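FYI, it's all coordinate maths here, none of it is from the lab. What you see is a predicted model; the values in this text were computed from it and never measured. We place every Cβ from the backbone using ideal geometry, glycine too, and count neighbours over all the protein chains shown.
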């Protein structure tokens, strides 16, 4: 198994984490292990908890990180961070990283069904033990449900028309493969609208992938949980790849930095105090050099926050 993944915003992320040699850190999205490798290089007596939903990622990364003996690998969803730490006997951490979205390996491994560039079974599961696949979504969701998924998660202008074409096609026969779905999408979007911009299937594939893996569900709560288990001065670094994720991260940080619910024109009586300080007032984005080397980094944004001292 060749697990290739270019770690996006690698140096920037590591610098912002301000890693302490004896600290406990969490990589909530292990992937190819690039970020974890750089964290481990900076640890002495510290520990790394490496989490991923994809068992293939854990197997590959554990080989890459075989020279380090202070890593605990967890096959789980980072959103369960409090339960994970409890099982590991860890009360608090000194920093955390989340590199959201799909990995290069998952896109390039044709049989995983993530990519509109490879013909494969419609799968798209990050955790292959999950029940719901992309095939289930396109063949079982109602027309309105499909349209909502594509509109909400793909921000696709042609969502209703694509959903209508999907339902019409599946009445004839079940939709089984990625290329079958790509053909339906191309038929649904007028040719004049397909001549410019990204691949016509990009937004729909993104939307279905997010739905299958519940990527946005509970993200804001998970960020609050990570901050909750973080030691004062600890930092959380989150890399996003599309506006929906970025908006959730941005709003979650804002809520933790300014949790006061009182009217802004009146003195605070709710007693809610800031929990974090936002370190990156504007998100960090890849350099032109990084984008040239790794075009998939183009849409990446890094946001960092620090747990306040109490």
*When only C-alpha pairs under 8 Å and at least 6 residues apart count, what is the relative contact order of the chain, in percent?*
17 percent
*Over segment 56-175, what is the relative contact order in whole percent, taking alpha-carbon pairs under 8 Å and six or more residues apart?*
11 percent
*Could you please rank 175, 132, placing first whichever residue has the fewest other Cβ atoms within 10 Å of its Cβ?*
132, 175
*Label point distance in nm, residue 136-residue 83, each placed 7 Å from Cα along Cα→Cβ*: 1.7 nm
*asked:* What whole-number distance in Å separates the alpha-carbon centres of segment 105-182 and segment 233-310?
replied: 31 Å
_Ranked 270, 260, criterion: other C-beta atoms within 10 Å, fewest first_ = 270, 260
*Compare 227, 102, 293 in a GNM of the chain, Cα atoms joined below 10 Å, and give the one with the largest fluctuation.*
293
*Over the chain: helical MRE at 222 nm, DSSP H runs n ≥ 4 each giving -39500 (n - 2.57), nearest 500*: -12000 deg cm²/dmol
*At 0.36 nm per residue, minus the direct Cα-Cα distance, what do residue 44 and residue 119 gain on full extension? Give it in nm, one decimal, please.*
22.5 nm
*Work out how far the C-alpha atoms of the chain reach from end to end along every principal axis, then list the three figures in whole Å, largest first.*
61, 57, 40
*asked:* Between residue 277 and residue 231, what is 0.36 nm times their sequence separation minus the Cα-Cα distance? Round to one decimal in nm.
replied: 15.2 nm
*Could you work out how far apart the two model spin labels at residue 66 and residue 172 are, taking each label as a point 7 Å from the Cα in the direction of the beta carbon, and quote it in nm?*
5.1 nm
*How far apart, in nm, are the 7 Å Cα→Cβ label points at residue 265 and residue 164?*
4.7 nm
*Hey, what's the Kirkwood Rh for segment 1-154 if you take every pair of different alpha carbons, in angstrom?*
16.9 Å
_FRET efficiency for residue 183 and residue 309, using Cβ-Cβ distance with R0 set to 41 Å, rounded to 0.05_ = 0.10
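Of 203, 125, how do they rank once you tally other Cβ atoms within 10 Å and put the fewest first?
Final ranking by Cβ density, sparse to dense: 125, 203.
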